[in-house]
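All remarks here apply to the structure that follows.
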Amino acid sequence: MQSRNPVFNNSKAFKNGGYATFQDAPAASATQLEQMYTAPAATGVDTGRMTMDDVVVKTGLMFAVLLPLAALNFVIESPLLTLGGLVVGLVLGLIISFKQSTSPVLTLAYAAAEGLFLGGISKVFEVKWPGIVPQAVLGTLAVFAVALFAYKSGRVRVTPKFQRTVLIAMGGYLVFSLVNLVVMMTGHGGDFGLRQGAFGFAIGLFAVGLAAAMLILDFDYAEQGVRNGLPQRYSWLAAFGLVVTLVWLYIEILRLLAILRGND
């Protein structure tokens, strides 16, 4: 099974059976078996392997960088920092994704750039539609919680059919987004191009649902990385993948709420 998140899709490490195998390990002696049985359980620190706790901590560290910078640019309203954050975040995101980098420096730099961009773009929306940013934040947290519950409870299972469905949906959404970008660049359709009225709201709901499905795939591939026995440094890459999806989800909810509120 392959994730549709490019962070994991390009990595053999996060695929089923993609990293560590133990078929060639020598058999342990009776004494060794007894020692292993009586010894305390090994942790990720002891084994040097990635754990879900590592992923949670690294994700928290990324948000510890992202959120203060978002708040800063939200207050100072710098177009230069907003544009710079967008460009630098895009470049760093592509580098990390395609090089499968596990560098903490690059990952935290990406979080910083995204923080500046999100702070600036959030301010633009907040000025035009007061109160929209807190609503978008709560909406993002709610969708994340629902996606996590659906995955952990087994109500949504990551099967090949599920992945193919997400792949097709993502492809269709990307094509539509490119067409919509062209429409907006030619000065048609207002602030959101083709995403206006009831049709725009429907597209927004679709995008939010697609982002939620991506989160479920991200959860699954992070756990697959743990099962594959990845080195601990890969928790940075897993955290990066989650943050990428959460940033996209927040922007989609922000846009969806703006379309819903219209010109009020």
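Any read-out appearing in this document is the output of simple, stated calculations on the displayed coordinates, not a laboratory observation. Being a predicted model, the structure only gives us computed values, none of them experimental. Cβ atoms come from the backbone with ideal geometry, glycine included; neighbour counts cover every protein chain shown.
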task: Once you have the Kirkwood Rh of the stretch 140-264 from its Cα pairs, apply Stokes-Einstein at 37 °C and 0.692 mPa s and quote D in µm²/s.
output: 206
field: Per-bin percent of Cα-Cα distances, the stretch 63-160 [10 Å]
entry: 16, 33, 32, 17, 2
task: Within 10 Å, count the other beta carbons around each residue, average over each peptide in 72-82, 53-63, and list them highest first.
output: 53-63, 72-82
task: Tell me the label-point distance for the pair residue 91, residue 52, using the 7 Å Cα-to-Cβ offset, in nm and rounded to one decimal.
output: 3.8
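Quote the FRET efficiency, to the nearest 0.05, computed for residue 261 versus residue 148 with a Förster distance R0 of 22 Å and r equal to the Cβ-Cβ distance.
Working: r = 28 Å, r/R0 = 1.27.
It comes out at approximately 0.20.
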- prompt: Under the classification rounded if a/c is under 1.5, otherwise prolate if a/b is larger than b/c and oblate if not, where does the stretch 94-214 fall, given a ≥ b ≥ c as square roots of the Cα gyration tensor eigenvalues?
  reply: rounded
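Sort 161, 152 so that the residue with the fewest other Cβ atoms within 10 Å of its own Cβ comes first and the one with the most comes last.
Working: 161 9, 152 12.
So the residues, fewest neighbours to most, are 161, 152.
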query: Going 7 Å from the Cα of residue 64 in the Cα-to-Cβ direction, what parts of the stretch 230-248 have a backbone nitrogen less than 13 Å from that spot?
result: none
message: I'd like the per residue volume of the convex hull spanned by the Cα atoms of the stretch 103-148, given in cubic angstrom.
response: 70
message: Testing the spin-label approximation: label points 7 Å from Cα along Cα→Cβ at residue 103 and residue 78. State their distance in nm.
response: 2.3
Ranking of 185, 170 by count of other Cβ atoms within 10 Å, fewest first: 185, 170
query: Along the three principal axes, how long is the stretch 194-249 when you take its alpha carbons, biggest first, rounded to the nearest angstrom?
result: 48, 15, 11
- line: The answer for chymotrypsin sites (Phe, Trp or Tyr not before Pro) in the stretch 176-264 that fall in a DSSP coil and have at most 10 neighbouring Cβ atoms within 10 Å is none
